[in-house]
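The values are calculated or read from the model by the stated rules, or taken from the named source; none is laboratory data. Note that this is a predicted model, so its numbers are computed, not measured. Positions of Cβ are generated from backbone atoms using ideal geometry, with glycine treated the same way; all protein chains shown enter the neighbour counts.
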Amino acid sequence: MNDFPAQIVVFLLAEQEYALPIADVHEIIRYEPPVRVPTRDERVIGVINVRGQIVPLYDISAQFGVTDAPVPTRVVIVNTANRRLGLAVTQVADVLSVNEEMLAEMPAGFSLQTRIVRVGERLIVLLSPEELFATGED
């Protein structure tokens with residue numbers, strides 16, 4: 001496990017903690033309801049205007065089995081290799097420094113290749129933006 005993020009942005013979907021490498025996070029903005037548009041990806045709940053750029057807004061709650069998520073309060077703007085997009089989250093909780101000893105691989109059988117970050121008793125799911133937002137069209 002040679003490559004690991006030096007810092008991560010921790011966010012909540014309902015009460016569960018997830019994280020993205022800080023290098024993939026462009027900015028964090030206040031949630032505003034998106035403009036609804038037709039889409040083939042049920043996770044896309046619309047588009048938002050971020051400093052003149054139209055950005056798709058994703059809600060990944062259902063993908064992670066979160067059925068009781070409150071209304072989002074923040075949008076994490078994420079850069080992937082091919083595009084910029086927004087991720088609606090309940091709350092942004094923390095920015096943490098990470099070292100290799102804090103990381104654990106997910107057990108086999110999970111659909112996304114993620115890792116777990118152990119911070120004391122906390123288990124934070126570290127997501128890969130490239131895999132999470134892959135569309136097959138990239």
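Structure notes:
- Any hit, region 53-62, residues being aromatic (Phe, Trp, Tyr) and in contact (Cβ under 8 Å) with a residue 40 or more places away in the chain: yes
- Pairs where the first residue, in region 4-21, is in a strand (DSSP E or B) and the second is among the hydroxyl-bearing types (Ser, Thr, Tyr), C-beta under 7 Å, 6+ apart: 7/97; 11/18; 12/90; 13/61; 13/90
- Residue match in region 84-91 (condition: within 18 Å of residue 125 (Cβ to Cβ), surrounded by 14 or more Cβ atoms within 10 Å (Cβ to Cβ), at pLDDT 95 or above and among the basic types (Lys, Arg)): no
- Restricting attention to region 23-43 and to residues that are β-branched (Val, Ile, Thr) and over 15 Å from residue 89 (Cβ atoms), the residue that is modelled with the highest pLDDT turns out to be 35.
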